[in-house]
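Supplied in structure tokens, the structure appears directly below.
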Amino acid sequence: MASYGFVLLSLVISFVASCPPVKPPCICGPSEHGPVQIVCNRAKSMKEVTDALANATGAVIDRLVITNTPIRTLERRDLEPLTSLMLQRLALVNNGIENVASDAFAPVKSNLLALDLSDNGLTKIDASLVTGAEQLISFAAQGNRIAVIEDGAFANMKSLCYIDLSFNRLSTLPENLLSGSFKRAPGSAVPRMLYVCENSWKCDAKLEWFREYLRNNADIIVDKPGCLSLCDFGTYRLPIRDRDLTHN
Ligand SMILES: *[C@@H]1O[C@H](CO)[C@@H](O)[C@H](O)[C@H]1NC(C)=O
């Protein structure tokens with residue numbers, strides 16, 4: 001029993017020890033992603049967040065969540081103070097972000113496994129926003145106003161297998177969007193997620209490459225509960241993956 005207690009105690013100490021010092025409005029604690037999750041809620045600005053994390057230098061951060069903080073524009077210099085962190089997952093959710101400089105994530109890209117930009121006001125995804133994030137497995141930007149994704153935006157990302165673009169304003173996608181990416185690991189039973197439901201898909205010749213890609217990659221999941229990926233032909237709607245018999 002004594003040794004059991006000792007193991008438990010050292011476990012607790014190692015949990016506590018792995019959280020770096022942070023100031024309010026940020027707090028640090030364990031989560032499903034690991035022992036070090038930092039949540040910064042209702043900061044006055046991005047600057048207040050990075051100031052609150054100033055003494056976290058060098059720490060391994062399983063996940064950093066910044067939420068309910070006014071950040072209309074995100075630039076490279078905003079994330080530069082986080083360069084020394086080993087940041088594995090970054091969530092910038094519900095901050096009113098409308099513009100993201102194409103190099104904004106450059107300071108943190110190298111270690112990132114997941115980037116979540118859900119519930120903001122983004123209208124466009126630049127070609128170089130996430131490319132080069134070699135480790136990135138998951139990219140989420142649901143609930144924005146994204147109407148344009150530049151060609152190659154997710155190209156040559158070896159680990160990427162989860163993209164959430166649901167609840168946006170997309171009508172088409174460029175043909176080299178996923179070139180060299182989004183490959184299914186050989187023998188893997190894990191489905192790939194490419195949520196494109198609740199957009200305004202215009203299923204014409206320009207989008208046919210994508211619809212055919214979905215037909216040829218049956219494991220890819222495009223819908224969520226209550227969120228369907230549909231072509232809108234005005235008089236009728238059709239699942240985005242289906243062959244359109246009347247238009248072929
Ligand atoms: C950083 O550490 C210094 C020295 O311990 C302390 O005075 C300062 O308040 C800390 N700042 C933050 C943001 O934690």
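Read-outs throughout are calculated quantities, based only on the coordinates presented, and are distinct from any laboratory measurement. A quick note: this is a predicted structure, and the numbers were derived from the prediction, not measured. Using ideal geometry, Cβ is built from the backbone for each residue, glycine included, and neighbour counts are taken over all protein chains shown.
Among Y236, Y213, Y195, rank each residue by its count of other Cβ atoms within 10 Å, from fewest to most, as a rough exposure measure.
Listing Y236, Y213, Y195 from fewest to most nearby Cβ atoms yields Y236, Y213, Y195.
Under the rule a/c < 1.5 gives rounded, and otherwise a/b versus b/c splits prolate from oblate, where does the stretch 52-183 land using the Cα gyration tensor?
Because a/c hits 1.5 or more and a/b fails to exceed b/c, the stretch 52-183 counts as oblate.
Could you name the lysines whose alpha carbon sits less than 29 Å from that of K44, not counting residues in the same chain fewer than 8 places away?
Answer for K44, where 29 Å is the Cα cut-off: K23, K109, K124, listed by chain and number.
Please state the relative contact order of the chain as a whole percent: Cα pairs under 8 Å, 6+ residues apart?
The value is 10 percent.
Quick test of your reading: applying the under-4.7 Å Cβ rule, which cysteines of the chain are isolated?
Isolated Cys, the chain: C161.
Based on the Kirkwood radius over alpha-carbon pairs, what value in µm²/s does the Stokes-Einstein equation return for the translational diffusion coefficient of the chain at 37 °C and 0.692 mPa s?
Answer, rounded: 168 µm²/s.
Okay, next question. Using the reciprocal of the averaged 1/r over all distinct C-alpha pairs, how large is the Kirkwood radius of the stretch 100-167 in Å?
Evaluated on the stretch 100-167, it is 11.9 Å.
I would also like to ask the following. With the dipole of the chain worked out from charges on the C-beta (+1 for Lys and Arg, -1 for Asp and Glu) around the Cα centre, which of T131, N41, C161 lies farthest toward the positive end?
N41
In vacuo Debye scattering of the stretch 117-241, one point per C-alpha: log10 I(q)/I(0) at q = 0.19, 0.22 Å⁻¹?
-1.10, -1.52
With charges only on Cβ, +1 for K and R and -1 for D and E, what is the dipole size of the chain about its Cα centre, in debye, rounded to 20?
Rounded to the nearest 20 debye, it is 220 debye.
Run down the aspartates and glutamates and flag those whose C-alpha is under 20 Å from the C-alpha of K202, throwing out any fewer than 8 positions away in its chain.
Straight-distance partners of K202: E150, D151, D164, E175, E212, D223, D232, D242, D244.
Still on this model: Could you tell me how far the Cα centroid of the stretch 94-108 sits from the Cα centroid of the stretch 135-198, in Å?
18 Å
May I pose another question? FRET efficiency for N94 and R243, Cβ-Cβ distance as r, R0 = 25 Å, nearest 0.05?
For N94 and R243, the calculated efficiency is 0.05.
Oh, and also: Can you compute the helix-only [θ] at 222 nm over the chain? Use -39500 (n - 2.57) per DSSP H run of at least 4 residues, normalise by all residues, nearest 500 deg cm²/dmol.
-4500 deg cm²/dmol
Rounded to the nearest 20 debye, what is the charge dipole size of the stretch 31-139 about its Cα centre when +1 sits on each Lys and Arg Cβ and -1 on each Asp and Glu Cβ?
My answer is approximately 160 debye.
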